[in-house]
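Here's the structure we're looking at; comments come further down.
The values are calculated or read from the model by the stated rules, or taken from the named source; none is laboratory data. Computed from a predicted model, the values in this text were never measured in an experiment. Cβ sites come from the backbone with ideal geometry, for glycine too, and all protein chains shown count toward neighbours. Accessible surface areas use protein heavy atoms only, side chains included; no ligands, DNA or RNA. Shrake-Rupley method; radii C 1.70, N 1.55, O 1.52, S 1.80 Å.
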Amino acid sequence: MFLSLLALVSSYIQRTEADGLVHLNGGIIVGRGQYTYVTDNDLQFNIPKTKDSCKVEVVLNEPITQRVGKLTPQVFDCHFLPHDVKYTHNGCPLLEEDNVMLRIYRFTESQTFLETFLLNVQITEPKSSLIKFGLVSLQVQKFYGISNPIDKNVVSFKYNANSICTVKVLSTEALVPAHGQLIVDDPQYRPENLLDTALKHNVRKVRQATIPCPSNKACPTGVKEVRFLKTNCEDFLAMGLKYQHLSPPSPNNDYIPIRVEVRDERTRFLHQVENAWIRVNIKGAIPNQQPKAAFMSMYILEVDQFILTPLSMAAVDAQDDETPKDRLVFNITKPPVEGYLTHLDDHTKSITSFSWQDLHEMKIAYQPPNISHTERRNCEVDFKAIDTFFEVSDPIMVHFSIRTAETNAPRVSWNMGHPVTTFLQRDLFQGLIYYHHFGGEVFEDSFEFILSDSHEPPNLSDPQITMIHVTPVKDQLPKEVDGTMRYLVVKETEIRHITKNHLHFTDTESPENELMYIITKPCFFPTNQRTYDAGKIIFTDSTKNMKKDPSVPMLKSFTQHAVNHMKVAYMPPHGDIGPHPLLVQLVFSVNDQQGGALTGLVFNITIMPVDNQPPEIFTNDIKAEEGSGCMITADNVMVTDKDTLDEALRIQMKQKPQHGDIEHQGNVMLEGDMFTLDDLKFFQVRYKHDDSETLHDLVVFTATDGFNTADEVLKVKIIPINDEPPELQPHLKSGLQCPEGEMITITAEYLYATDTDSGEIGYSSCMDTVTVIVSDAEAGTVDSCCYDGPLPPPVPLHGSLPFYDLNITVMPVNNQPPTIKIGDMFTVDEASQASLVLECLSATDEDTITEELIFVLESLPQYGYVENTLPSPGYEKSNAGKNIASFSLQHLRAGYINYVQCRHNQMEPTADHFMMSVSDAVHKSKAVPFYVIINPINDETPDLHLGNITVSMETAKKEK
């Protein structure tokens with residue numbers, strides 16, 4: 001029966017050409033029972049050969065991979081040679097494809113990249129085969145029966161006459177036969193010989209000899225089980241090997257695995273090797289049945305939040321009538337939505353399958369997500385059980401329930417092998433004696449033995465010693481020392497060492513100076529990925545005074561030895577972090593020199609704020625009518641502080657206004673009194689004018705966070721009201737003489753009046769009209785200076801009098817200077833440019849149109865220049881890059897004016913300034929400084945300065 005790999009795995013195995021670490025994954029093709037080499041036509045990686053170190057590891061703890069073959073070596077270079085990597089098929093006839101799970105590691109100077117993928121193996125029938133099956137098959141006629149012998153009618157071998165052909169039986173490697181054993185006739189096991197031998201030893205062995213077979217069934221006499229066999233091909237076909245059925249119920253087919261090797265007779269060079277499974281047909285048995293879920297399991301796993309919880313048989317189990325439980329395999333067909341299942345040999349990586357044996361030994365665990373929840377969470381996970389002959393069960397659903405409480409995880413134990421004290425020479429010939437290494441970091445061993453013959457008494461040899469050299473295998477990963485915090489608390493203004501209390505791993509196979517930490521993801525804010533400066537890990541020898549310095553390079557890797565000797569530290573971000581503590585994380589791996597690595601580890605850092613930054617205060621002018629008042633709101637006075645909460649900020653009146661008062665909650669404030677930002681938001685602060693004939697006023701406020709202060713002026717514009725009557729100038733001449741028929745000018749000596757409510761008319765003309773009534777003395781008045789005629793009649797002689805409107809235009813005079821206003825702080829990145837905007841720079845003029853105002857640079861910037869990008873009239877090309885000395889407010893408002901920061905090589909300027917005034921073509925304002933804040937960037941390559949040192953033989957000199 002042929003089965004293909006499960007759909008969950010097969011989705012990984014299609015031919016891919018990706019932009020990741022794997023460039024080409026076309027899979028390989030192998031003949032059944034044969035081997036093939038992996039070439040760059042099958043597998044390629046996106047890694048330059050001379051740039052980065054790169055290794056590929058064969059993942060061994062996934063039992064649904066490499067089911068009918070094996071890829072060697074376990075670790076190989078990404079740029080492998082044509083005959084470096086080999087896949088060997090074990091001869092199983094049940095599958096037409098296999099998969100190998102590979103994990104690629106790319107080691108750069110700053111981090112390690114990891115990618116897991118599947119290499120597909122297509123299994124075909126070989127074109128030319130060393131092993132040929134005959135027309136006669138092995139058959140067992142009944143349960144517990146014995147088959148016909150293996151001879152040339154069952155199987156034959158094709159090889160040259162001058163070659164040596166060897167056959168090995170691989171039952172211990174392939175786990176078949178699964179329901180019987182391979183036997184051979186042995187006369188010494190006949191009943192009479194068996195009883196005599198037992199009587200020579202003890203009665204207990206006689207009882208064992210009388211019932212040598214399972215289930216109290218009668219066994220054929222004169223046979224011996226063959227567990228391991230290595231013999232030449234002719235002897236293999238002539239020694240009468242047979243299959244004995246032992247364990248019904250069983251499927252109707254079982255298999256005997258063999259390996260055939262053909263070597264050169266003289267050089268013993270291996271010419272050809274091939275594996276095959278000899279099929280055994282069991283009459284009366286039914287075809288292999290699929291496994292099913294066990295009856296006793298609850299299929300519920302209770303998990304404590306954050307706690308790695310082992311999966312036990314109480315949560316999930318399966319059974320199969322034809323397959324022992326320890327040979328069942330579980331495939332995870334529906335993984336958990338959150339968290340992952342893992343093998344405790346490496347609990348940092350998720351798995352897709354596991355064996356029943358590992359489940360039984362509680363080596364399979366569920367790692368819940370690293371997310372805190374206040375309520376119980378549930379999810380469903382599906383499994384499928386697979387038996388020895390790859391039959392798959394129906395989905396088995398397990399409910400995972402994650403509690404908020406904590407619990408302790410159970411321990412994990414391993415079984416050990418059983419040693420032998422005596423063995424025979426033929427046991428050595430048949431390959432039955434093994435040396436089992438206990439797994440400790442010991443690479444040489446020995447055992448002492450003596451030889452004895454069959455004489456009575458036996459002749460004994462002198463003691464002999466056999467030395468055993470153990471090839472080191474990387475089977476130990478670095479481990480974190482108990483009590484290690486992997487957590488650091490640091491003030492934002494300090495640099496703090498990372499000690500072995502914070503970070504401490506050990507490796508029994510590597511000294512501390514070879515245990516390497518590689519930062520795979522530098523410091524970052526997990527709650528705000530857009531903020532780039534999260535601090536960095538530094539080497540303390542790179543800084544002299546342990547003060548924050550952005551020029552100190554970031555450390556990308558370091559050793560445990562460096563941590564132990566206080567050589568590694570964390571430097572917080574260069575800028576202020578604000579008023580709240582911040583969580584910083586970095587992801588790292590721990591690597592030893594043999595390639596073992598723990599990846600995806602997280603180190604947590606909490607940065608505590610320090611109130612060392614002064615607040616910033618900004619104001620927007622307020623307007624109040626003469627004699628009245630207005631509210632001062634949060635739009636007029638704005639206070640910010642990077643490292644102080646708003647509720648802790650206070651605003652103090654440092655200097656009261658000259659022409660009014662500041663009222664807080666209806667009470668007049670005195671100099672030194674304070675109010676809060678909430679008072680501004682809820683309209684509790686008010687300016688009250690004193691009704692004087694003034695146009696401007698100001699008040700000075702101080703913002704404080706309790707430690708630091710900042711001052712700012714709030715300007716008040718008074719809107720005048722025409723509430724004052726005109727006044728005649730005192731001491732005017734009261735008489736004016738005019739000769740008859742002539743005219744005389746009325747000057748200010750005779751008539752002059754003023755009005756405090758009248759003033760500048762602006763830059764537009766003002767229109768007014770005077771109406772003149774023409775009278776012939778019948779208007780009813782005799783109040784002239786020289787009238788001496790008769791009184792007017794009591795009744796007017798005319799119904800109406802003529803009148804004339806005289807239109808008067810008052811023309812404006814440009815007699816007021818413009819005013820320049822510096823607003824928000826102007827910032828620019830080093831080696832970049834930024835536009836000057838009205839929020840940073842503006843100007844006003846009461847008697848000039850604002851678009852006609854011209855800004856003049858009285859002094860040029862030191863580390864840059866000002867440009868106007870507007871093309872010249874008649875041209876389309878921008879004028880960017882040209883230094884200018886003046887520009888209009890109209891161009892500033894349109895966004896054409898930029899400050900360009902150009903001088904930065906071999907220097908790190910942090911500020912620039914230039915003097916600026918504004919002109920209306922007649923008058924010019926006072927020159928004021930315009931400041932530029934330059935944000936530095938890391939754009940300079942480091943310089944290495946070397947000097948000779950002289951050291952005498954008996955003294956030493958410290959390098960500086």
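Quick look at the numbers
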read-out: Those residues of the range 103-124 which are surrounded by 16 or more Cβ atoms within 10 Å (Cβ to Cβ) and more than 23 Å from Ile519 (Cα to Cα), in sequence order; value: Phe117, Leu118, Leu119, Asn120, Val121, Ile123
read-out: Residues being in a loop (DSSP other than H, G, I, E, B) and open to solvent by less than 70 Å² (accessible area, probe 1.4 Å) - total across the range 705-716; value: 3
read-out: Of residues in the range 356-400 being assigned to a strand (DSSP E or B) and among the acidic types (Asp, Glu), the one most open to solvent (accessible area, probe 1.4 Å); value: Glu380
read-out: Pairs with Cβ under 7 Å, 6+ apart, first in the range 261-289 and under 26 Å from Leu135 (Cβ atoms), second part of a strand (DSSP E or B) and acidic (Asp, Glu); value: Val273/Glu261; Val280/Asp254; Ile282/Asp254
read-out: Residue in the range 614-624 that is over 19 Å from Asp711 (Cβ atoms), hydrophobic (A, V, I, L, M, F, W, C) and surrounded by fewer than 14 Cβ atoms within 10 Å (Cβ to Cβ) present; value: no
read-out: Given (1) modelled with pLDDT of 90 or more; (2) within 52 Å of the chain's Cα centre (by Cα), index of the condition Leu853 fails; value: (2)
read-out: Candidates Ser542, Ser510, filtered to the one that is at pLDDT below 90 and under 30 Å from Pro909 (Cβ atoms); value: Ser542
read-out: Residue pairs meeting the criteria (Cβ under 8 Å; at least 6 apart or on separate chains; first at positive phi, in the range 153-182; second surrounded by 16 or more Cβ atoms within 10 Å (Cβ to Cβ) and among the hydroxyl-bearing types (Ser, Thr, Tyr)); value: Leu175/Thr388
read-out: Residue check for Leu81: open to solvent by 50 Å² or more (accessible area, probe 1.4 Å) and aliphatic (A, V, I, L, M); value: yes
read-out: Neighbours by Cβ (under 6 Å, 6+ apart or cross-chain): first from the range 381-400, assigned by the TED database to the domain that holds Lys334 and charged (D, E, K, R); second surrounded by fewer than 20 Cβ atoms within 10 Å (Cβ to Cβ) and in a strand (DSSP E or B); value: Asp382/Thr333; Asp382/Lys334; Asp382/Met397; Lys384/Thr333; Lys384/Val392
read-out: Pairs, first closer than 13 Å to Tyr896 by Cα in the range 825-842, second β-branched (Val, Ile, Thr) and surrounded by fewer than 16 Cβ atoms within 10 Å (Cβ to Cβ), C-beta under 8 Å, six or more apart; value: Ala834/Thr827
read-out: Cβ pairs under 7 Å, 6+ apart, first in the range 292-315 and within 22 Å of Asp387 (Cα to Cα), second β-branched (Val, Ile, Thr) and open to solvent by 20 Å² or more (accessible area, probe 1.4 Å); value: Ala315/Ile300
read-out: Filter result for Gly881 (modelled with pLDDT of 85 or more, out of contact with any Pro (no Cβ under 8 Å at 6 or more places or on another chain) and more than 30 Å from Asn814 (Cβ to Cβ)); value: yes
read-out: Selection status of Glu448, part of a strand (DSSP E or B), over 29 Å from Leu601 (Cβ atoms) and either open to solvent by 90 Å² or more (accessible area, probe 1.4 Å) or outside the structural domain of Val587 (by the TED database) (or both); value: yes
read-out: Residue check for Gly881: open to solvent by 80 Å² or more (accessible area, probe 1.4 Å) and either under 20 Å from Gly823 (Cα atoms) or in the same structural domain as Pro929 (by the TED database) (or both); value: no
read-out: Residue satisfying all of: in the range 125-137; assigned to a loop (DSSP other than H, G, I, E, B) and not charged (D, E, K, R); least open to solvent (accessible area, probe 1.4 Å) among these; value: Leu130
read-out: Answer residue from the range 537-563, given it is touching a residue at least 40 places away in the same chain (Cβ under 8 Å) and open to solvent by less than 40 Å² (accessible area, probe 1.4 Å) and is nearest to the chain's Cα centre (by Cα) among those; value: Ile537
read-out: Residues satisfying the stated conditions in the range 61-74, i.e. within 27 Å of the chain's Cα centre (by Cα) and open to solvent by 10 Å² or more (accessible area, probe 1.4 Å); value: Asn61
read-out: Gly578 vs. criteria buried (at least 20 other Cβ atoms within 10 Å of the Cβ) and on the phi > 0 side of the Ramachandran plot; value: no
read-out: Every residue from the range 897-923 that is part of a strand (DSSP E or B) and of a type in the set (Gly, Ala, Ser); value: Ala911, Ser917, Ser919
read-out: Options Ser734, Ser692; residue that is among the polar types (S, T, N, Q) and outside the structural domain of Gly627 (by the TED database); value: Ser734
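Residue-by-condition table, conditions (1) under 23 Å from Asp621 (Cα atoms); (2) open to solvent by less than 70 Å² (accessible area, probe 1.4 Å); (3) of a type in the set (A, V, I, L, M, F, W, C); (4) free of Cβ contacts under 8 Å to residues at least 24 places away in the same chain:
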site: Thr633; (1), (2), (3), (4): yes, yes, no, no
site: Asp643; (1), (2), (3), (4): no, yes, no, no
site: Gln655; (1), (2), (3), (4): yes, no, no, no
site: Gln658; (1), (2), (3), (4): yes, no, no, no
site: His664; (1), (2), (3), (4): yes, yes, no, yes
site: His689; (1), (2), (3), (4): yes, yes, no, no
site: Ala703; (1), (2), (3), (4): yes, yes, yes, no
site: Ile718; (1), (2), (3), (4): yes, yes, yes, no
site: Ser734; (1), (2), (3), (4): no, no, no, yes
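Conditions tested, residue by residue: (1) of a type in the set (Val, Ile, Thr); (2) assigned to a loop (DSSP other than H, G, I, E, B); (3) in the same structural domain as Pro257 (by the TED database).
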residue	(1), (2), (3)
Gln272	no, no, yes
Ala276	no, no, yes
Met296	no, yes, no
Ala315	no, yes, no
Asp321	no, yes, no
Phe330	no, no, no
Pro336	no, yes, no
His347	no, no, no
